[in-house]
Amino acid sequence: MSADASSKNGDRRHLWDDPKNVQILIWVFWACCAIVFALDFAFHRHPSFEGETLPIEEMVGFYSIYGFVACVLLVLVAKQMRKVLMRSEDYYGEVLGATAGEPDGGARDEGRAPDGESREGRDGGD
Amino acid sequence: MAATETHAQYVMGETVRLLDGPLQALLHPALPLLVAGVVAALAPPRLRKALLVLAPLWGAWNLLGFTSGDLVSAELAGFELILLRVDKLAFLFALLFHLAALLAGIYALHSDDRMQQVAGLLYAGSAVGAVFAGDLLVLFFFWELLAITSVFLIWARRETASTRSGLRYLLVHIASGVLLLIGAALHWIEFGTLVFERMDLGSAASWVLLLAIGIKCCFPLLHTWLVDAYPAATELGTVYLASFTTKTAVYALARGYEGCEPLIWIGMAMAMFPIFYAVIENDLRRVLGYSMINQIGFMVCGVGLGAGLGVNGAVAHAFNDVIFKGLLFMSMGAVLLRTGRINGSELGGLYKTMPQTAGLCMVGAASISAFPLFSGFVSKSMVMTEAAHEGYVVVWLALLFASAGVFHHAGIKIPFFAFFAHDSGLRPKEAPLNMRVAMGIAALLCIAIGCFPNALYALLPYATDYHPYDTTHVVQQLQLLFFSALAFVTLMLTGIYPPELRSTNLDVDWFARRAAPRTLRVLAAVGGAIWYGVLAGLADVLKVVRSVVRWLHSPAGRLGEPWPTGTTVFWAATLLGLLLLFSYLGSAL
Amino acid sequence: MAAESVGQGLQQVALSTAFDVHFPALEVVLPLVAAPLCFLFRSRAFARILSAAVAWLTFGVALVLLQKVLAEGTVRYPLGGWAAPYGIEYRVTVAGAWVILVVSLVAALTLLFDSRGSASRLAPERRYLYYSAFLLCLAGLLGMAITGDLFNIFVFLEISSLSSYALIALGRDRRALMASYSYLIMGTIGGGFFMIGVGLLYQMTGTLNVEDMAQRLPAVLDTRTVLVGFAFLLVGLSIKLAVFPLHQWLPNAYTFAPPRVSAFLAGTATKVSYYVMAEVVFVLFGAHFVFTEIGLGAVLMPLSVAAMFVGSLAAIYQADLRRLLAYSSIGQLGYMTLGLSLANVEGLTSGLVHVFNHGVTKSGLFLVVACVGYRTGRTTVRSMAGLGTRMPATSLAFVIGGMSLIGVPGTAGFVSKWELIRGALAAERLWLAAVVLVSSLLAVVYVWRVVEMIYFGRPEGLESLGRDGEPVREAPFSMLLPTLILVAATVVFGLWSDPTLSVARSAAVELLGGAGG
């Protein structure tokens, strides 16, 4: 969908404008994950803790699972936090950038589409 | 947790070399930067730019003339002040600050803003002065100078919101300075000395000083000034800000509280809570601010773990953090400069026109995430290893969680939402050349330190034979990071990941900015009501007093009435009687 | 008296260094002789120049005297060559020299102030009378601090009081007459009480010389007569010193007097009475008798604290600037008597150093108000609205003077307050130190009211026009100069407090080590 925006702008197509490239990247990434996970079987690891302090650490895939679960948990908890903590941007009556001048480099002049058009594609993930 | 050898012994031992003779040709290490700052205030733009780059180089050259054990003291009003005390700890930080000043100086070259250039140089100089301060009074001086000089970097944005944010920042830091002064006074009373050395928690001075340092160090609940002020500064200001204030605080902590166990738990809390905020924060520089607190958490933890690997890890991580966090702030600054916006919700797709900035940003992201071969890996792992070695299971698990979280918000979120994600339609120019040079040097340093950590290790305060690159360690780290990324990708593809939204997320400064004023208003109303109630109730009793008071307050019109003089005469008589009574009683006894 | 010798004496000043033995007499005689001269010549210009010259001369003499006293100890001068217990002796102590220095300095600077336009009720051609009275008042105040004879103190007290009644009555506002009258009654009662006290003591000891009496008093201390005498002396002085609750003559007197008179009296009159009270308490009766046996502290301390609060609180509500400053004076006098009532070196030092610090500050502020009054034609707090841009130097002077009243570090007021807090701590009265700090907050309020008006207030309607409908401008240089000197002194001696503090401290040590007890 961002492809639409850029083609409207008339500039050349960039690397990730092509969904195929993105798909390839994701596949490569999954492969990497699998390889890294598999490394657990290839090596004998020495544990961080001495003795029986934390036996679970020596479980196969501990670090992989811990990383995955931690991040999912992180996002889910943070999402719930929004319900409590999120307020409008001008909650404190002051918004950064509200009185700012034109940015340096003239990004708006040079290639930026009119506001309405460029915002249409905002909800999609690449 | 016994600290076997403290810096105190190291410095105050036999190696003290009082500076005199030929060495006096050397300037106090803070002077080159401070002098350059003063000169820059008067200099024309070209000279100012030259100073921005040359002053840190000159300062570093000057610094290299000092060795551990150098000591310069002066006497002022009966106090023996230690203006300069050099040891490995201070030396490392000073070197780091010069490096940071150089990078920021190069990064600043495109700008002509005298205010920021002058403030930046003076600010860097104050930080150098602070780490070499041998006693609490000198430290206090530079501590306040840090606050005063740095606030101009926030005000330099010249917006209402940043002005107010700067005022809050200044207030907090002045308060921290005042606490430091109170702590110094208490220290003087309790121990009869002002020398700044390792202390044990227990004395009143140690707690007050910990609070003073804790404010600058962003201890939980005291941290909001950072996430409030750093995003409010200019694109250049934040680069300066990120390098000095908190690192000076980490230095002070390492100097004074090495091996204090509460710091481990404080550090753990600091590493944990900001990552949640970072996930939902929209302003990408504020995300970096939260991530900064998280990184400082690792350092505080390391200091708490004590002499040896703990402090080494903390210091090394501070060193790396200045470089990679500086790099990230620089890249976001470039984005802000070129697009005028910094919210994740408004950015995206910038890789198309700012590919170099994007690439450099990703180097910084990889470093902060502690990817093997990048600088974060070689220092963060020291703290983790020491935590495991000392048997802190909970702390270790929390730090592991935080490591995954860092990668998530700083390593992925920052570059992804700024440079990739959905196309915002913005097509800004590539960052100015000087910015790219500064970022390039920082990125090179990140990789160089990551690949050849021994150069950094040699500078650390304690001797070490730590080897970060063993197979287990590398594999574990890769697993952790890849599966964190997997979580991100999965949540993104399934749409569970929370979208970037324009918003303000409440933090504990809500209590100061919202709750306190409201509570005060209510209290004032209640207090006023009670006060008037009491007044009304006591009116009869206080009639005499009140009439006097009312007479005092009344305008001049009563002059014609004779009674004021009469009253005074009455009081004269009363006083005379009272005195006579006293005299009589006194003499009767 | 040595009046005849003055003419020759003045010539000798330049020739002979040995002449300085006559300085104690000269200090009093100069203004005393100049006053009738002003009257005789009946020329306003002559009177003005003569009075200013005399005031500066007395200041010079005071400086020499202070140096001499510090170097050689108490300077004695038997008038007419009659030895001490029989004749009248002028006795210059460190404290005395310190006080006359302040008095003559303030007099010299206020007389330098060019009081144009409004000043007094007198027709311009009779203005010389004003200077006559001014010089008499100066002579009386200086005499009180120099003489070592109790009756002589009374005489000088009356000289200064009578001339100050006249001066106050000269104020342009009709209410000045009533203020003067009210002060006259209170002053007469105070003087009368003082006289009764002196009489009773004379009856018991047979001497009027302070030192001599101090030696004879212990023998008769437990008699009722001495106790009653002491009480009369103290209450009499308290009236002159405007100790709460005997202060009510002061605000009106300072408010309605001519501007320079307010500035002069505010900086000097009460300060001299303070010195006399310190001498009576510590030298004549001795601290042991006064504080341990009679327990004066139990009376004076609460009254001082009350003065600090009542004065400052009342100042907050005043609409007139001079009245505001007058009430603030009552509060500041409370700090001084509090220092005295602590009866230790630090406390007394704070009182004595405040003689200088407050004298300089308050006179400076009254001169500021005189400048404002000259330009705007009013002296209300409202009249300061927006002066920050139109009278910048005057406004800044008020801000600095106000900071000294509050006791902001770096100003003279801080030095005294800091010493007072040290005194309270030395006396192990922590609560007193706290009370001093809290009352300083009240000063913040009344000073801020004015500062806010200066910089944030907007003049409304006709208020933007000054006296005679002209736009308000900065005060003329001849008015600004003495004002700024006084205000600058508060900063100079706030930052560089060694000289003032060390003199005050040696004066306090001297007083506390005095005879009796």
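Looking only at segment C:376-419, count how many residues are under 13 Å from C:PRO459 (Cβ atoms) and open to solvent by less than 30 Å² (accessible area, probe 1.4 Å).
Of all residues in segment C:376-419, those under 13 Å from C:PRO459 (Cβ atoms) come to C:376-378, C:380-391.
Now restrict to residues that are open to solvent by less than 30 Å² (accessible area, probe 1.4 Å): C:376, C:381, C:383-388, C:391.
Total meeting the criteria: 9.
Inspect segment C:88-100 for any residue being touching a residue at least 60 places away in the same chain (Cβ under 8 Å), open to solvent by less than 30 Å² (accessible area, probe 1.4 Å) and more than 17 Å from C:GLU279 (Cβ to Cβ) and give the result as yes or no.
no
Scan C:ALA287, C:ALA257, C:ALA263 and give me the residue that is among the small types (Gly, Ala, Ser), open to solvent by 10 Å² or more (accessible area, probe 1.4 Å) and touching a residue at least 24 places away in the same chain (Cβ under 8 Å).
C:ALA287
Looking only at segment B:200-219, decide whether some residue is within 14 Å of chain A (Cβ to nearest Cβ) and of a type in the set (Ser, Thr, Tyr).
Within segment B:200-219 (the criterion being within 14 Å of chain A (Cβ to nearest Cβ) and of a type in the set (Ser, Thr, Tyr)), the answer is no, since none of the residues qualifies.
Which of the residues spanning segment B:563-583 are within 7 Å of chain C (Cβ to nearest Cβ) and not small (Gly, Ala, Ser)? If you could, list the steps in order and put the result at the bottom.
Kept after step one, since they are within 7 Å of chain C (Cβ to nearest Cβ), are these residues of segment B:563-583: B:564-565, B:567-569, B:571-572, B:575-576, B:578-580, B:582-583.
Passing the criteria: B:PRO564, B:THR565, B:THR567, B:THR568, B:VAL569, B:TRP571, B:LEU575, B:LEU576, B:LEU578, B:LEU579, B:LEU580, B:PHE582.
Among the residues of segment A:65-98, write down those that are more than 7 Å from every other protein chain (Cβ to nearest Cβ), closer than 30 Å to B:ILE154 by Cβ and either β-branched (Val, Ile, Thr) or assigned to a helix (DSSP H, G or I) (or both).
If the condition is that a residue be more than 7 Å from every other protein chain (Cβ to nearest Cβ), closer than 30 Å to B:ILE154 by Cβ and either β-branched (Val, Ile, Thr) or assigned to a helix (DSSP H, G or I) (or both), then A:VAL84 is the only one that fits.
Quick check on C:THR207: is it outside any helix (DSSP H, G or I), of a type outside the set (Lys, Arg) and under 21 Å from C:PRO85 (Cβ atoms)?
Yes.
Could you count how many residues in segment B:319-344 are charged (D, E, K, R) and closer than 14 Å to B:SER367 by Cα? I'd like the intermediate steps shown before the answer.
Applying the first criterion (charged (D, E, K, R)) to segment B:319-344 yields B:321, B:325, B:338, B:341.
Those left that are additionally closer than 14 Å to B:SER367 by Cα: B:321, B:325.
Of the residues in segment B:319-344, 2 are charged (D, E, K, R) and closer than 14 Å to B:SER367 by Cα.
All but one of (1) part of a helix (DSSP H, G or I); (2) surrounded by fewer than 22 Cβ atoms within 10 Å (Cβ to Cβ) hold for B:SER484, so report the exception by its number.
(2)
What helices (runs of 4 or more DSSP H) lie completely within segment C:231-321 and have 1 or more residues being modelled with pLDDT of 90 or more and of a type in the set (Phe, Trp, Tyr)? Give the steps one after another, and end with the answer.
Values: elements: C:249-256, C:259-278, C:296-317.
Filter on segment C:231-321 gives C:249-256, C:259-278.
I need every pair where a residue in segment A:80-94 that is farther than 26 Å from B:SER162 by Cα has its Cβ under 8 Å from the Cβ of a residue that is in a helix (DSSP H, G or I), sequence separation at least 6 or different chains.
From residues that are farther than 26 Å from B:SER162 by Cα, the pairs are A:MET81/B:PHE276; A:MET81/B:TYR277; A:MET81/B:ILE280.
Residues being under 21 Å from B:SER369 (Cβ atoms) and more than 7 Å from every other protein chain (Cβ to nearest Cβ): count how many of those fall in segment B:494-517.
Qualifying residue count, segment B:494-517: 1.
Taking the condition at pLDDT below 90, buried (at least 24 other Cβ atoms within 10 Å of the Cβ) and either among the aliphatic types (A, V, I, L, M) or under 20 Å from the mean Cα position of the chain (by Cα) (or both), does C:ALA326 pass?
Spelling it out, it is not the case that C:ALA326 is at pLDDT below 90, buried (at least 24 other Cβ atoms within 10 Å of the Cβ) and either among the aliphatic types (A, V, I, L, M) or under 20 Å from the mean Cα position of the chain (by Cα) (or both).
Residue-by-condition table, conditions (1) within 21 Å of B:SER503 (Cα to Cα); (2) open to solvent by 10 Å² or more (accessible area, probe 1.4 Å); (3) away from chain A (no Cβ under 13 Å):
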| site | (1), (2), (3) |
| --- | --- |
| B:PRO262 | no, yes, yes |
| B:MET270 | no, no, yes |
| B:PHE273 | yes, yes, no |
| B:ALA278 | yes, no, no |
| B:LEU284 | yes, no, no |
| B:GLY289 | yes, no, no |
| B:GLN295 | no, no, yes |
| B:CYS301 | no, no, yes |
| B:ASN312 | no, no, yes |
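Just need a number here: residues in segment B:182-199 that are among the hydrophobic types (A, V, I, L, M, F, W, C), farther than 14 Å from B:GLU80 by Cβ and crowded, with 20+ Cβ neighbours inside 10 Å.
Number of matching residues: 1.
Open to solvent by 10 Å² or more (accessible area, probe 1.4 Å) and at negative phi: is that true of C:VAL310 in this structure?
Against the criterion (open to solvent by 10 Å² or more (accessible area, probe 1.4 Å) and at negative phi), C:VAL310 qualifies.
Taking interchain pairs and intrachain pairs at least six residues apart, which have beta carbon atoms under 6 angstrom, with the first residue in segment B:38-49 and surrounded by 13 or more Cβ atoms within 10 Å (Cβ to Cβ) and the second of a type in the set (Val, Ile, Thr)?
Sorted first by the residue in segment B:38-49, then by its partner, the pairs are B:ALA40/B:VAL118; B:ALA41/B:VAL118.
From the set of residues in segment A:41-64 that are hydrophobic (A, V, I, L, M, F, W, C) and facing chain B (nearest Cβ under 7 Å), which is most open to solvent (accessible area, probe 1.4 Å)?
Among residues in segment A:41-64 that are hydrophobic (A, V, I, L, M, F, W, C) and facing chain B (nearest Cβ under 7 Å), the one most open to solvent (accessible area, probe 1.4 Å) is A:PHE43.
Is it true that B:GLY166 is modelled with pLDDT of 90 or more, open to solvent by less than 10 Å² (accessible area, probe 1.4 Å) and either closer than 29 Å to B:GLY333 by Cα or touching an Asp or Glu at 6+ places or on another chain (Cβ under 6 Å) (or both)?
Numbers: modelled with pLDDT of 90 or more: yes; open to solvent by less than 10 Å² (accessible area, probe 1.4 Å): yes; either closer than 29 Å to B:GLY333 by Cα or touching an Asp or Glu at 6+ places or on another chain (Cβ under 6 Å) (or both): yes.
For B:GLY166, the condition - modelled with pLDDT of 90 or more, open to solvent by less than 10 Å² (accessible area, probe 1.4 Å) and either closer than 29 Å to B:GLY333 by Cα or touching an Asp or Glu at 6+ places or on another chain (Cβ under 6 Å) (or both) - is met.
Since B:ARG157 meets every condition but one in (1) within 14 Å of another protein chain (Cβ to nearest Cβ); (2) under 15 Å from the mean Cα position of the chain (by Cα); (3) buried (at least 21 other Cβ atoms within 10 Å of the Cβ), which condition does it not meet?
Unmet condition: (2).
Mind counting the residues in segment B:317-362 that are touching a strand residue (DSSP E or B) at 6+ places or on another chain (Cβ under 6 Å) and assigned to a helix (DSSP H, G or I)?
Number satisfying all stated conditions: 0.
Matching residues to (1) at the interface with chain A (Cβ under 8 Å from one of its Cβ atoms); (2) touching a Ser or Thr at 6+ places or on another chain (Cβ under 9 Å); (3) surrounded by fewer than 24 Cβ atoms within 10 Å (Cβ to Cβ):
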{"residue": "B:TYR351", "(1), (2), (3)": "yes, yes, yes"}
{"residue": "B:ALA358", "(1), (2), (3)": "no, yes, yes"}
{"residue": "B:SER367", "(1), (2), (3)": "no, yes, no"}
{"residue": "B:PRO372", "(1), (2), (3)": "no, no, yes"}
{"residue": "B:VAL378", "(1), (2), (3)": "no, no, no"}
{"residue": "B:GLU390", "(1), (2), (3)": "no, no, yes"}
{"residue": "B:VAL393", "(1), (2), (3)": "yes, yes, yes"}
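Filter segment C:39-87 down to the residues that are assigned to a helix (DSSP H, G or I) and of a type in the set (Ser, Thr, Tyr), then identify the one that is farthest from C:GLU510 (Cα to Cα).
C:SER51
For A:ALA98, are the conditions met, namely being on the phi < 0 side of the Ramachandran plot, modelled with pLDDT of 75 or more and under 28 Å from the mean Cα position of the chain (by Cα)?
no
Does segment B:126-147 contain any residue that is among the β-branched types (Val, Ile, Thr), open to solvent by 20 Å² or more (accessible area, probe 1.4 Å) and not assigned by TED's automatic domain parsing to the domain that holds B:MET330? So that I can check it myself, show each step before the final result.
Taking segment B:126-147 as the starting set, the residues that turn out to be among the β-branched types (Val, Ile, Thr) are B:128, B:131, B:138.
Imposing the further condition that a residue be open to solvent by 20 Å² or more (accessible area, probe 1.4 Å) reduces the set to none.
No: segment B:126-147 contains no residue that is among the β-branched types (Val, Ile, Thr), open to solvent by 20 Å² or more (accessible area, probe 1.4 Å) and not assigned by TED's automatic domain parsing to the domain that holds B:MET330.
Just checking, how many residues over segment C:37-95 are basic (Lys, Arg) and closer than 18 Å to C:ILE153 by Cβ?
Number of matching residues: 2.
What's the number of the condition C:GLY516 fails, among (1) at pLDDT below 85; (2) at negative phi; (3) of a type outside the set (Ser, Thr, Tyr)?
(2)
If C:LEU37 satisfies all but one of (1) at pLDDT 90 or above; (2) closer than 20 Å to C:PRO78 by Cα; (3) open to solvent by 30 Å² or more (accessible area, probe 1.4 Å), what's the number of the condition it fails?
Result: C:LEU37 fails condition (2) only.
The values are calculated or read from the model by the stated rules, or taken from the named source; none is laboratory data. Keep in mind that what you see is a predicted model, and the values were worked out from it rather than measured. All Cβ positions, glycine included, derive from the backbone under ideal geometry; neighbour counts span all protein chains shown. These area figures cover heavy atoms from the full protein model, side chains too; ligands, DNA and RNA do not enter into them. Shrake-Rupley method; radii C 1.70, N 1.55, O 1.52, S 1.80 Å.
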